[in-house]
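Asks: Got a structure here, written out as structure tokens. Questions coming.
The values are calculated or read from the model by the stated rules, or taken from the named source; none is laboratory data. In this text the structure is predicted, and so the values were computed from the model without any measurement. Note: ideal-geometry Cβ built from the backbone for every residue, glycine included; neighbour counts use all protein chains shown.
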Amino acid sequence: MTYSRILREFKSKKILVIGDLILDRYIRGKVNRISPEAPVPIVEVTDEDFFLGGAANVAHNITVLGGHSTIIGLTGNDRAGGILINILENRGIKYEGVFRCSRPTTVKTRVIAHNQQVVRFDKEDSNKIDGKVFRGLLEYISKAIPDYDAVIISDYKKGVISSELVRAVLKVSKPMNIFVSVDPKIGHFQFYKNVSLITPNIHEASVASGIEIKDEISLINAGRALLRKVSCNAALITRGEHGMSLFEKNKVSHIPTVARNVYDVTGAGDTVIATFTLAYAAGANMEEAAVIANHAAGIVVGELGTAVVTSDQLRKSLGVNRELKIRKSTYA
């Protein structure tokens, strides 16, 4: 299937995103002096913006690419939760599966001065969810999954994703052959047994596999170990300036980066899993989906802040970089 045809199919696909919702808050200003109270810069605030983060950013990426997304997760009964819900609504993301509860909405606040991040501070409750809220999530998930072409589990380790939740997802999705991808977190890899795809970065892959990745041999050993450990169909290891490596049964494809300038990697993992899953649901094979996701990542890292990519940008990038050299190898 051609890339242009895959991109055209995006608009007909529905993706269910389950995970930790985050509100990204950006405070921008300028620094002209140092505080007399402590050796820290004084930021004169000129602007404040809010963006979707975490699983909400994954859903946003799908919508901007032309797909249809529904988000399942939690927000607090607080101002931040209200802001997050309003943004979801304005972006055309379905949020009937977002439960509001007593825990605070997860907020990451970044203070930016002269295009440089001065400090980040987080407000969150990352304890595992349980009780009535958890039962409500599971009930909604079980009813919703059959209506979707694929499921993304976006794990930011803020309490939503657990082994019980993943098992509930697979119980419904597996018999229906619905693709389930996971953006993983260190310490939770044991939760993801039997999913379709995991998308760790190189640090996460090293820790989860127990193999320090320092060259191609150790990379291949780590990728093989992850496939065995998680019993998944594929693992896409993102490698920064070195691109991505897609591990499937007995083979690996190394895809070089197309990024020209890297300004900010915030949200790049969200873009990768959103684009890969949408492309696969649209008829791409694993390698084609990885190439499309690689192009999407190359676009968003060239922008400051939490960014998304459009299908037109993808189409242009795929056209310009059509001679991308993919190295393939097999292993026993």
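Asks: Identify the single condition in (1) part of a strand (DSSP E or B); (2) of a type in the set (Ser, Thr, Tyr); (3) at pLDDT below 95 that Ser126 does not satisfy, given that it satisfies every other one.
Replies: For Ser126, the failing item is (1).
Asks: Being at pLDDT below 85, at positive phi and surrounded by fewer than 22 Cβ atoms within 10 Å (Cβ to Cβ) narrows it down to one residue among Gly305, Gly267; which is it?
Replies: Gly305
Asks: State the number of residues belonging to region 102-129 that are loosely packed, with under 14 Cβ neighbours inside 10 Å, in contact (Cβ under 8 Å) with a residue 24 or more places away in the chain and within 25 Å of Gly29 (Cα to Cα).
Replies: Here the count works out to 2.
Asks: Do you know which residues across region 48-62 are surrounded by fewer than 24 Cβ atoms within 10 Å (Cβ to Cβ) and in contact (Cβ under 8 Å) with a residue 24 or more places away in the chain?
Replies: Those that are surrounded by fewer than 24 Cβ atoms within 10 Å (Cβ to Cβ) and in contact (Cβ under 8 Å) with a residue 24 or more places away in the chain: Asp49, Phe50, Phe51.
Asks: Hey, among Ala225, Ala235, which residue is modelled with pLDDT of 95 or more and surrounded by 24 or more Cβ atoms within 10 Å (Cβ to Cβ)?
Replies: Ala235
Asks: Give the residue that is nearest to the chain's Cα centre (by Cα), with candidates limited to residues of region 137-158 that are buried (at least 20 other Cβ atoms within 10 Å of the Cβ) and within 21 Å of Met286 (Cα to Cα).
Replies: Ser154
Asks: What strands (runs of 3 or more DSSP E), lying completely within region 1-113, carry at least 2 residues that are farther than 26 Å from Thr199 by Cα and not small (Gly, Ala, Ser)?
Replies: 21-34, 41-54, 94-101, 106-113
Asks: If we keep just the residues of region 9-41 that are touching a residue at least 60 places away in the same chain (Cβ under 8 Å) and charged (D, E, K, R), which is farthest from Gly283 (Cα to Cα)?
Replies: That would be Lys30.
Asks: Within region 71-84, can you find the residues that are within 21 Å of Ile27 (Cβ to Cβ) and free of Cβ contacts under 8 Å to residues at least 60 places away in the same chain?
Replies: Result: Thr75, Gly76, Asp78, Arg79, Ala80, Gly81, Gly82.
Asks: For the structure I just gave you, tell me whether Ile161 is in contact (Cβ under 8 Å) with a residue 12 or more places away in the chain, surrounded by fewer than 20 Cβ atoms within 10 Å (Cβ to Cβ), on the phi < 0 side of the Ramachandran plot and in contact with a Phe, Trp or Tyr (Cβ under 8 Å, 6 or more places away or on another chain).
Replies: Here the answer is no, as Ile161 does not meet what is asked.
Asks: Ile217 versus (1) under 19 Å from the mean Cα position of the chain (by Cα); (2) without any contact (Cβ under 8 Å) to a residue 24 or more places away in the chain: which is the lone unmet condition?
Replies: For Ile217, the failing item is (1).
Asks: Okay, moving on. Does Thr70 satisfy the criteria of being of a type in the set (Ser, Thr, Tyr), farther than 24 Å from Leu7 by Cα and at pLDDT 95 or above?
Replies: So Thr70 fails the test.
Asks: Quick check on Phe121: is it among the aromatic types (Phe, Trp, Tyr), farther than 15 Å from Asp20 by Cβ and assigned to a strand (DSSP E or B)?
Replies: yes
Asks: Have a look at Leu74, Leu88 and point out the one that is within 17 Å of Asp270 (Cα to Cα) and either among the aliphatic types (A, V, I, L, M) or surrounded by fewer than 16 Cβ atoms within 10 Å (Cβ to Cβ) (or both).
Replies: Result: Leu88 is the single residue among Leu74, Leu88 that is within 17 Å of Asp270 (Cα to Cα) and either among the aliphatic types (A, V, I, L, M) or surrounded by fewer than 16 Cβ atoms within 10 Å (Cβ to Cβ) (or both).
Asks: Looking only at residues that are farther than 16 Å from Thr106 by Cα and not polar (S, T, N, Q) in region 44-59, which one is nearest to the chain's Cα centre (by Cα)?
Replies: Ala59
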